[in-house]
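Take a look at the structure set out below.
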Amino acid sequence: MDLVSIILPYYKKKNFILKTINSVVSQKFKNFELIIIYDDTDKSDLKYLLEICKKDKRIKILINKTNQGAGNSRNKGLKVAKGKYIAFIDADDIWHPNKIKFQLNFMKKNKFNITHTSYYVTNSKSEIIGKRIANNLTYNDLVKSCDIGLSTVILKKKILKKNFFVNLKTKEDYVLWLRLAKKGHKFYGIKKYFTRWMSLKNSLSSSTLQKLIDGYKVYRVYLNKTIVLSLYHLFILSFNFLKK
């Protein structure tokens with residue numbers, strides 16, 4: 001049975017992390033390793049995490065000496081990951097117990113390298129406030145709109161090669177998806193809702209200004225587009241985001 005490496009950066013999510021870890025260890029698919037990267041210079045939550053994780057030998061904790069950000073922390077996890085497949089989950093998201101099993105079987109049956117699933121958007125009270133449906137996506141689709149939930153993705157590790165997350169405060173995953181798609185990898189969507197993604201008002205992902213700054217960098221810096229094209233694509237990206 002193939003090993004799945006699950007990458008989870010941790011930064012100040014003590015109120016949510018237990019449910020997230022429980023949703024991982026409760027997976028019907030059992031052959032996984034969960035790699036948690038502790039990315040907080042304040043080590044007050046570390047003891048709490050260690051107590052949770054010592055109950056399951058499949059969980060490993062890496063500790064950053066300084067705050068590296070989610071992208072660099074995931075890269076650190078990827079470097080030690082032993083799995084043939086890689087999955088990602090953030091410290092406040094929750095998986096359905098059948099997520100990995102169903103998704104992995106779907107990938108193997110169809111010989112897909114990357115898949116993502118539909119997901120629910122929830123608030124801090126775990127109330128569903130939105131839905132996102134997963135579709136098959138190519139580079140031309142992705143460059144217009146980032147329609148992939150990070151915590152829904154499973155991919156074969158071998159396709160990453162030298163492609164890793166970039167050092168952005170937001171949209172660090174978007175750059176990786178675009179780079180993979182530009183190389184010809186298609187993201188296949190699974191319509192089933194296997195993930196609950198939490199939207200928090202004080203999170204980086206909710207900062208409009210930060211999203212605009214990083215969105216511009218995606219096109220200008222990482223895709224090497226002109227200033228005019230970068231602004232054009234940023235406008236399209238923002239417009240499509242507002243339609244969701």
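Residue count for region 19-33 satisfying the condition of being touching a residue at least 60 places away in the same chain (Cβ under 8 Å) and farther than 17 Å from Trp197 by Cβ: 5.
Might you let me know whether region 30-49 holds any residue that is more than 22 Å from Phe165 (Cβ to Cβ) and acidic (Asp, Glu)?
Residues of region 30-49 that are more than 22 Å from Phe165 (Cβ to Cβ), as a first pass: 30-31, 42-48.
Subsequent filtering for residues that are acidic (Asp, Glu) retains 42, 45.
Checking region 30-49: at least one residue is more than 22 Å from Phe165 (Cβ to Cβ) and acidic (Asp, Glu).
Of all residues in region 1-12, those satisfying the criterion of being within 13 Å of Ala70 (Cα to Cα) and either without any contact (Cβ under 8 Å) to a residue 24 or more places away in the chain or surrounded by 20 or more Cβ atoms within 10 Å (Cβ to Cβ) (or both) are Ile7, Leu8, Pro9, Tyr10, Tyr11.
Entry remark, region 126-159: residues being in contact with a strand residue (DSSP E or B) (Cβ under 9 Å, 6 or more places away or on another chain) and within 21 Å of Ala87 (Cα to Cα) number 21 in total.
Quick grid of which residues meet (1) touching a residue at least 40 places away in the same chain (Cβ under 8 Å); (2) in contact with a strand residue (DSSP E or B) (Cβ under 9 Å, 6 or more places away or on another chain); (3) of a type in the set (S, T, N, Q); (4) part of a strand (DSSP E or B):
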{"site": "Ser124", "(1), (2), (3), (4)": "yes, yes, yes, no"}
{"site": "Lys161", "(1), (2), (3), (4)": "no, no, no, no"}
{"site": "Val166", "(1), (2), (3), (4)": "yes, no, no, no"}
{"site": "Leu178", "(1), (2), (3), (4)": "yes, no, no, no"}
{"site": "His185", "(1), (2), (3), (4)": "yes, yes, no, no"}
{"site": "Ile190", "(1), (2), (3), (4)": "yes, yes, no, yes"}
{"site": "Thr195", "(1), (2), (3), (4)": "yes, yes, yes, yes"}
{"site": "Gln210", "(1), (2), (3), (4)": "yes, no, yes, no"}
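Please find, within region 126-143, the residue that is nearest to the chain's Cα centre (by Cα) out of those that are in a loop (DSSP other than H, G, I, E, B) and modelled with pLDDT of 95 or more. Going through the qualifying residues, I end up with Ala134.
In the set (1) within 18 Å of the chain's Cα centre (by Cα); (2) over 19 Å from Met198 (Cβ atoms), the condition left unmet by Ala87 is number (2).
Please specify each residue of region 68-101 satisfying the condition of being farther than 23 Å from Lys162 by Cα and either touching a Phe, Trp or Tyr at 6+ places or on another chain (Cβ under 8 Å) or not hydrophobic (A, V, I, L, M, F, W, C) (or both). Lay out the reasoning, then the answer.
First, the residues of region 68-101 that are farther than 23 Å from Lys162 by Cα: 91-101.
Result: Ala91, Asp92, Asp93, Trp95, His96, Pro97, Asn98, Lys99, Ile100, Lys101.
Pairing residues of region 230-241 that are surrounded by fewer than 19 Cβ atoms within 10 Å (Cβ to Cβ) with residues that are assigned to a helix (DSSP H, G or I) and at pLDDT 90 or above, at Cβ distances under 8 Å and at least 6 apart in sequence or on separate chains, gives Leu231/Tyr216; Ser238/Leu212; Ser238/Gly215.
Going through (1) among the small types (Gly, Ala, Ser); (2) within 17 Å of Ile7 (Cβ to Cβ); (3) not in a helix (DSSP H, G or I) one by one, Ser118 falls short only on (2). Checked against the criteria, Leu50 does not count as touching a Gly at 6+ places or on another chain (Cβ under 8 Å), surrounded by fewer than 18 Cβ atoms within 10 Å (Cβ to Cβ) and either more than 29 Å from Asn136 (Cα to Cα) or in contact (Cβ under 8 Å) with a residue 40 or more places away in the chain (or both).
The values are calculated or read from the model by the stated rules, or taken from the named source; none is laboratory data. Predicted, not measured: the structure shown is a model, and the values here were computed from it. When we count neighbours, we look across all protein chains shown, and the Cβ atoms used for this are built from the backbone with ideal geometry, even at glycine.
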